[in-house]
Amino acid sequence: MLTEINFDGIIGPSHNYAGLSRGNIASSSHAGDVSQPRAAALQGIDKMRHNLALGLPQGFFMPLDRPDAPWLATLGTTPADAEGHLRAQAWSASSMWAANAATVSPAPDSADGKCHLTVANLVTMPHRSHEWPGTLAQLRLAFADPAFAVHAPIPAPFGDEGAANHMRLCSGHDGQGVEIFVYGVGGGRFPARQHLDASKAIARHHRLDPQRTLFIRQSDTAIQGGAFHNDVVAVANEHVLFTHETAFEDREGAHAEIRAAFPAVEIVEVPASAVSLPDAIKSYLFNAQLVSLADGGGMGLVLPTEAQDTPAVWNWLEEMIAGNGPIRRLLPVNVRQSMANGGGPACLRLRVVADPATVDPRFIADEAKLDRIAAVVAAHWPEVIAPGDLASATLVNDVRKARATLLETLDLGELV
């Protein structure tokens with residue numbers, strides 16, 4: 001039976017605050033801070049436990065090998081000898097944000113009846129541009145069943161940042177849907193990371209019905225305001241689109257296109273007069289997991305605790321819940337270590353609609369497995385990493401040992 005599974009990236013032992021992501025305000029503002037990799041990973045595990053308790057199927061992906069010595073070798077250097085900015089890029093733990101791992105089209109949407117996944121190339125940011133080989137290896141392992149088709153990345157220079165710029169509307173996760181690809185146009189101080197040509201190429205590879213596939217431009221206002229991905233200003237689940245007023249360049253045209261393609265859509269729009277774009281971005285209101293609750297209680301919004309700390313956001317949400325709309329529950333989670341690097345609850349997960357029996361069971365979470373992961377993290381993840389620590393050979397060895405221990409614990413030696 002097809003169901004939605006959320007695969008969270010386990011936050012890796014190299015988690016640090018180097019401020020590498022131009023256009024990501026949280027990342028830039030925390031550049032140079034001391035990170036807490038152990039606490040970060042445990043917060044991510046607690047989020048997975050939280051969602052399991054809601055009755056939601058849960059999976060996970062492994063952190064990648066860091067620092068990425070083979071990537072540095074292509075640049076003629078090593079982790080010990082690299083210039084500071086290159087060393088930081090090689091150390092990045094940003095693969096934890098699984099929403100950028102791939103774009104996923106469920107089997108009911110594709111002409112061949114397979115679930116298609118295209119690994120994101122992430123070419124816009126150097127620190128993320130070398131993630132895709134490791135991510136592709138995991139996707140091909142986790143989704144090796146013939147029910148899936150896993151594609152190599154779209155070639156550069158066509159930037160693709162994965163599911164963070166992709167939404168799906170449907171009557172139920174197991175039914176045919178309308179897929180919405182959101183792209184940006186460059187020209188401002190912050191880059192547009194998702195190219196229209198990349199999105200169109202993915203739609204072709206996934207064999208989507210052109211009549212049920214939309215390409216909508218993200219607003220320049222949102223991008224230049226710090227919404228570096230669409231999932232910072234909009235999220236969809238089943239028949240509901242939850243969006244900020246400033247999300248799309250042509251708001252009225254976008255809404256009309258969406259309604260024409262999927263007449264049953266319910267658009268829940270937050271007006272800028274109630275929640276400003278800066279408050280929406282600071283709180284990551286829209287970088288929430290909009291989920292269908294297993295108890296039949298409508299939809300819930302798994303959102304960061306920062307939303308509670310932003311009065312305009314929380315007041316608007318409480319008024320929404322008091323009404324009779326489709327979103328019935330607010331479910332705050334603490335992912336502050338990830339938030340400080342620019343990634344909320346939705347950044348940490350990749351949504352895959354599939355029969356769980358077709359997924360490699362080593363990537364499927366349950367409480368016992370999360371206990372084992374948490375024990376490895378508690379024993380082996382660094383407690384803190386300061387910027388100057390990235391030059392430490394001891395830390396290199398510790399981080400690699402920590403990841404290797406986790407892979408051994410989960411019987412995922414193929415990924416060493």
Which count do you get for residues in region 304-360 that are among the charged types (D, E, K, R), surrounded by fewer than 16 Cβ atoms within 10 Å (Cβ to Cβ) and under 18 Å from the mean Cα position of the chain (by Cα)?
1
Quick one: which residue in ALA73, ALA90, ALA144, ALA80 is over 16 Å from the mean Cα position of the chain (by Cα), farther than 30 Å from VAL359 by Cβ and in a loop (DSSP other than H, G, I, E, B)?
ALA80
Only residues that are farther than 18 Å from PRO326 by Cα and either crowded, with 24+ Cβ neighbours inside 10 Å or free of Cβ contacts under 8 Å to residues at least 40 places away in the same chain (or both): list them for region 225-244, please.
ALA227, PHE228, HIS229, ASN230, ASP231, VAL232, VAL233
Residue check, ASP411 against (1) closer than 16 Å to PHE61 by Cα; (2) surrounded by fewer than 19 Cβ atoms within 10 Å (Cβ to Cβ); (3) under 22 Å from the mean Cα position of the chain (by Cα), all met but one. Which one?
(3)
Can you tell me which of (1) surrounded by 14 or more Cβ atoms within 10 Å (Cβ to Cβ); (2) free of Cβ contacts under 8 Å to residues at least 40 places away in the same chain is the one CYS170 doesn't meet?
(2)
For GLU306, are the conditions met, namely being charged (D, E, K, R), farther than 22 Å from ASN24 by Cα and not in a loop (DSSP other than H, G, I, E, B)?
no
From the set of residues in region 1-41 that are free of Cβ contacts under 8 Å to residues at least 24 places away in the same chain and not in a helix (DSSP H, G or I), which is surrounded by the most Cβ atoms within 10 Å (Cβ to Cβ)?
GLY19
Within region 263-295, of all residues that are in a loop (DSSP other than H, G, I, E, B) and crowded, with 21+ Cβ neighbours inside 10 Å, the one farthest from the chain's Cα centre (by Cα) is VAL275
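The numbers here are math on the coordinates, done by the rules we state, and not lab data. It should be emphasised that the depicted structure is a prediction, and the values quoted were computed from it without experimental measurement. Methodologically, a virtual Cβ is constructed for each residue, glycine included, from the backbone with ideal geometry; neighbour enumeration extends over all protein chains shown.
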